[in-house]
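For reference, the structure is listed below as structure tokens.
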Amino acid sequence: MRIGLVQITTGSNKLENLAHAEKAIRRAAEQGARLIVCPEATSQAFGSGRLDEQAEDLDGEFSTGLKKLADQLGVVIVAGMFRPADTQGKINRVFNTALITGAGLHMGYDKIHTYDAFKYKESDTVKPGTELVTFELDGVKIGVATCFDIRFPEQFKELARRGAQMIVVPTSWADGPGKLDQWRILSAARALDSTAFVAAAGQARPGGFDNAGEESGPTGLGHSTVVTPFGNRIAEAGYEEDVIVAELDLELVEQARESLPVL
């Protein structure tokens, strides 16, 4: 299977972000990608305003815009967005949802592990999800996780136990001292834990390479990546906006699970 990873920096307006993502998605499709993964918060970047004001259900204009695009291109798109959830006091919380659309699919995974770490508390504005999600494309079982989920190995192992041969991870991984090293270690570790491919698409670093290593708050540091079930990184972007496409040899999953029966 050929997979595309879209690495962009999104902003405050979901329709502008949709148009920006569409250009990159088309580039991936032109290179033969059948599955195209966009970052967490594709619909609206963290730190760009209230998430509840543009949150929408799966029949909203952002969601249906990506569905129409996926159907037109004959691909499946996974992209981060926000859906209305509940009200806590005066705060209207949202779900941090990975939309999965195209090839007859139109569904979402709600991020289970909210980013309550490093003096940031995502759960103040985002309600945690509760259900693991997998889907099938061309006979391949694919699991879904989002960003901070990657610190929780049991989620990846359970997705693999449910048959996932690949786990896609929309991401907005904060920059800062040591954060890139952590990202690389964790993405490889989760591939080894699950003996599955891990394909993670991140928000590009605002300011690009010039700001690399500085704290970025809840925005991304780039470095979208594809890691094999043996922990080998076969594709990786840098800090800037980019589109990368990789061919996955899914026989490696069977080989890894035979050689490393960790599940």
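Just so it is clear, none of the values below were taken in a lab; they were calculated from the coordinates. Note that the coordinates shown come from a computational prediction; the quantities given were computed from them, not determined experimentally. Glycine gets a Cβ as well: all are built from the backbone with ideal geometry, and neighbour counts include every protein chain shown.
One table, with the values for the structure above:
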quantity: Val126 long-range amide H proximity, modeled H, under 5 Å; calculated: Val94
quantity: With at most 16 neighbouring Cβ atoms within 10 Å, loop chymotrypsin sites (Phe, Trp or Tyr not before Pro) (DSSP) excluded, longest segment of the chain; calculated: 1-117
quantity: Rg over Rh, two decimals, segment 2-259 (C-alpha only, Kirkwood Rh); calculated: 0.93
quantity: 23 Å Cα-Cα threshold exceeded, pairs from Lys23/Lys127; Lys23/Lys121; Lys67/Lys121; Lys119/Lys179; Lys111/Lys179; calculated: Lys23/Lys127; Lys23/Lys121; Lys67/Lys121
quantity: Point-to-point label distance, Thr87-Ser259, nm (Cα→Cβ direction, 7 Å offset); calculated: 5.6
quantity: Calculated from backbone phi, Karplus (6.51, -1.76, 1.60) coupling profile of segment 107-116 in Hz, x at Gly/Pro; calculated: 8, x, 10, 8, 3, 7, 9, 6, 7, 9
quantity: Percent of alpha-carbon pairs separated by more than 17 Å within segment 129-236; calculated: 50
quantity: Where only C-alpha atoms are counted, convex hull volume of segment 1-81 per residue in Å³; calculated: 75
quantity: Net length gained if the chain between Phe152 and Asp57 were fully extended (0.36 nm per residue, minus Cα distance); calculated: 31.5 nm
quantity: Value at 222 nm in deg cm²/dmol, rounded to 500, when DSSP H runs of n ≥ 4 in the chain each add -39,500 (n - 2.57); calculated: -7500 deg cm²/dmol
quantity: Per-residue ³J(HN,Hα) for segment 132-146, Karplus 6.51 cos²θ - 1.76 cosθ + 1.60, θ = phi - 60°, Hz, x for Gly and Pro; calculated: 6, 9, 10, 8, 10, 9, 6, x, 9, 8, 10, x, 10, 9, 9
quantity: Highest-fluctuation residue, Gly222, Gly49, Gly231 considered, GNM on the chain with Cα pairs under 10 Å; calculated: Gly49
quantity: Under-5 Å amide H pairs with Gln165, H placed in peptide plane, nonlocal only; calculated: Lys141, Ile142, Gly143
quantity: Segment 229-263: GluC sites (Glu not before Pro) in DSSP coil with no more than 16 other Cβ atoms inside 10 Å; calculated: Glu240
quantity: Integer Hz, Karplus 6.51/-1.76/1.60 couplings in order for segment 39-50, x for Gly and Pro; calculated: x, 4, 6, 4, 6, 7, 5, 4, x, 10, x, 5
